[in-house]
Amino acid sequence: MGVDQTELEVPGDAVGRRVSCGEERATVRYVGPVPPTAGLWLGVEWDNPERGKHDGSHEGVQYFACRNPKGGSFVRPAKVSFGVDFLSAVRQVYQINAEEVLSEEISISSKKLTWEGVQERSFDSLPSVLLSHSEVNGAGAEGEIKKTTPNVRWLDLSGTLLSCWGDVAAIAQQLDSLEGLQLSNNRLCLTSDPAAHSQAFCSLRVLALNSCDLTWPQILECAPMWPQLEDLCVVENTITEMQRPDGVLQSLKSLNLSSNPLVQHSLLSISALPRLEQLNLSSTGLSAIQFDDAAPGSQTAMFPALKHLNLDHNNISEWAVVDELAKLPGLVQFSCRGNRLVSSDGNPKTANQMLIAKLGRLVVLNSCEIYPEDRRGAELDYIKMFGEEWLKSGGRSQSNTQFTCQHPRYQSLIDKYGAPEEGELKKPQPFALKNQLLRITFVFPDDADRKPIEKKLPASMGVQKVKGLLYRLLKVPAADLRLSYTSPKMVGTEFEIESDLKTLQFYSIEDGDQVLVRWT
């Protein structure tokens with residue numbers, strides 16, 4: 001730390017205030033001397049801990065605490081800005097960048113707006129104000145906002161120098177028509193009496209608090225301030241364990257929890273929200289969900305109003321999760337890209353067909369509309385795909401609970417379309433061993449000098465045994481072999497043979513086909 005004799009006047013309430021230093025934001029944790037250097041220092045905790053140098057200590061003395069061991073620094077007051085009041089920021093932004101601001105698109109949560117309808121640049125006609133990454137630190141003189149910008153309905157205060165919810169409320173209470181508020185990338189101290197500020201946010205419908213380092217209990221603590229809130233976006237916070245929102249958030253229609261490390265068993269804590277229609281749980285690490293109040297094929301009482309669900313980029317690999325989601329009575333729009341749900345043939349299109357067949361009320365999957373012919377095709381293919389298992393479990397008279405648990409909609413699909421013919425479910429059984437043998441030619445596309453090898457193999461032979469045979473012929477470890485095949489019936493198409501546990505017959509390999517052998 002060097003000596004900087006230049007000192008600006010430091011506010012008396014500086015500790016806890018937000019400051020900017022260049023493009024970085026920080027919270028003041030200490031004001032005072034730091035011996036042996038002369039002069040006044042500010043101890044700050046950076047929003048970006050990589051900007052810091054230490055944990056708030058110097059030469060063995062702890063001046064302030066940081067959550068991150070490298071998140072703190074000492075800076076001279078002259079190096080930071082404590083910001084300006086709301087109207088000063090409005091004048092700076094709108095008088096300097098009026099043309100740019102009036103052409104910008106406003107995005108708060110999932111809502112997008114433009115400046116349409118603004119005929120003049122007078123502040124009192126502005127329906128929206130964008131002060132993102134400005135240095136707003138508070139409301140300023142009482143009543144001035146109400147006089148100057150009385151018609152603001154949408155307000156962006158993301159990444160500002162506001163320090164606490166009281167500062168936000170002091171601005172909001174002067175904006176009687178405020179419907180949407182963007183507060184992402186702020187660090188706001190909680191208020192001692194949140195309900196006291198409910199009048200300030202009485203018209204608020206849409207709120208974004210992305211990247212604000214909030215936990216779910218903190219959000220619930222703040223929630224009494226937002227009595228009419230319908231759309232809450234809290235992406236990239238530190239939300240883990242969730243608790244029931246008793247008496248708060250009851251008007252919520254849309255909730256975005258994306259990119260939070262959720263504890264999945266606690267997710268059902270929000271399942272009683274009576275009006276929740278849209279829920280985004282993408283990138284939250286979810287692998288399972290279970291509605292124990294409903295048997296397979298019946299409807300759960302949880303999430304009673306839910307229509308749209310996003311589970312993109314999670315760890316879902318079991319089809320049982322989809323069967324649980326089928327219990328949701330109103331689910332019509334579903335997205336699950338970037339998971340590990342695979343069908344037996346490994347084809348993503350087949351997996352999508354299974355999703356459509358299992359979720360009978362779905363009209364949009366992964367942002368694509370499901371047309372009636374798509375649903376009919378998916379459901380008929382699903383019947384054929386699992387028809388053999390259905391017959392083995394007893395068919396129409398079956399009482400096999402295991403099959404019913406794995407395929408809760410199967411019987412209703414049979415009722416809808418009728419049972420398939422046995423010929424559609426099973427391949428004809430040959431009468432003699434010689435008819436079961438397939439003449440297969442093994443070729444080696446990456447080894448031009450190796451001659452093709454022809455073998456007669458039973459259709460019931462497993463891929464693992466085929467690889468064992470090739471190991472004996474080629475002396476290449478079975479684990480290194482990659483197989484695919486081509487058929488003279490479909491010239492130019494190569495089909496992957498992915499699973500060692502399946503048979504040649506499973507892959508529809510027929511007499512006269514070629515198996516292409518490659519290895520690493």
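The values are calculated or read from the model by the stated rules, or taken from the named source; none is laboratory data. Treat the numbers as computed from the prediction; the structure is a model and nothing was measured. Backbone-built Cβ (ideal geometry, glycine too); neighbour counts: all protein chains shown. Only protein heavy atoms, including side chains, enter the accessible area calculation; ligands, DNA and RNA are left aside. Shrake-Rupley method; radii C 1.70, N 1.55, O 1.52, S 1.80 Å.
Side notes on the structure shown:
- In the full protein context, the stretch 176-326 carries 39 Å² of accessible surface per residue, based on a 1.4 Å probe and ignoring ligands, DNA and RNA.
- For the stretch 294-351, a simple Cβ point-charge model (Lys and Arg +1, Asp and Glu -1, everything else neutral) yields a dipole of about 160 debye relative to the Cα centre.
- Bridge type composition, the chain - antiparallel percent by DSSP, nearest 5: 55
- Using the Karplus relation 6.51 cos²θ - 1.76 cosθ + 1.60 with θ = phi - 60°, the per-residue 3J(HN,Hα) values for the stretch 164-176 come to 8, 5, x, 5, 5, 5, 5, 6, 5, 5, 9, 10, 4 Hz, with x marking Gly and Pro.
- Applying the Kirkwood pairwise sum to the alpha-carbon positions of the stretch 437-519 produces a hydrodynamic radius of 12.7 angstrom.
- The stretch 293-303 - phi-based ³J(HN,Hα) in whole Hz, Karplus 6.51/-1.76/1.60, Gly and Pro as x: 7, 10, 6, x, x, 9, 9, 8, 8, 7, 6
- Net charge, residue 454 excluded, C-beta distance under 14 Å - Lys, Arg +1, Asp, Glu -1: +3
- Anchor residue 327: aspartates and glutamates whose Cα lies under 12 Å away (excluding residues fewer than 8 positions away in-chain): 292, 293
- Equivalent ellipsoid dimensions for the stretch 265-307 as semi-axes, Å, which come from the Cα gyration tensor, largest first: 17, 15, 9
- Using a cut-off of 21 Å between Cα atoms, the listed pairs 384/502; 465/489; 349/384; 467/489 include 465/489; 467/489 as exceeding that distance.
- With a Förster radius of 56 Å applied to the beta-carbon distance between residue 371 and residue 141, the computed FRET efficiency rounds to 0.40.
- Mean silhouette area of the stretch 374-417, derived from the convex hull of its C-alpha atoms and averaged over all directions, reads 2.8 nm².
- Taking amide H positions as modeled 1.01 Å from N, with prolines and chain starts lacking one, the residues under 5 Å from residue 186 and 5 or more places away or on another chain are 159.
- Using a probe radius of 1.4 angstrom, the carbon and sulfur fraction of the accessible surface of the stretch 374-417 is 47%.
- Expressed per residue, the C-alpha convex hull volume of the stretch 17-79 stands at 74 Å³.
- Distance between the 7 Å Cα→Cβ label points at residue 401 and residue 195: 4.8 nm.
- When the charge dipole of the chain is built from unit charges on Cβ atoms (+1 for Lys and Arg, -1 for Asp and Glu) and taken about the Cα centre, the candidate among 342, 235, 80 whose Cα reaches farthest toward its positive end is 342.
- Virtual spin-label span in nm between residue 490 and residue 78, 7 Å along Cα→Cβ: 7.6
- Cα lying deepest toward the dipole's positive end in the chain, options 260, 212, 173, charges on Cβ: 260
- Magnitude of the charge dipole for the chain, about its Cα centre and with charges confined to Cβ atoms of Lys, Arg (+1) and Asp, Glu (-1), is about 2100 debye.
- Positive-end residue of 362, 48, 408, charge dipole of the chain with Cβ unit charges: 408
- Our estimate of slack between residue 415 and residue 13, defined as 0.36 nm per intervening residue step minus the Cα-Cα distance, is 137.5 nm.
- Span from the the stretch 152-216 Cα centroid across to the the stretch 48-73 one, whole angstrom: 29
- For residue 442, distant residues with modelled amide H under 5 Å away: 453, 454, 455, 515
- For residue 165, net neighbour charge (Lys/Arg +1, Asp/Glu -1) across residues whose Cβ lies under 12 Å away: -2
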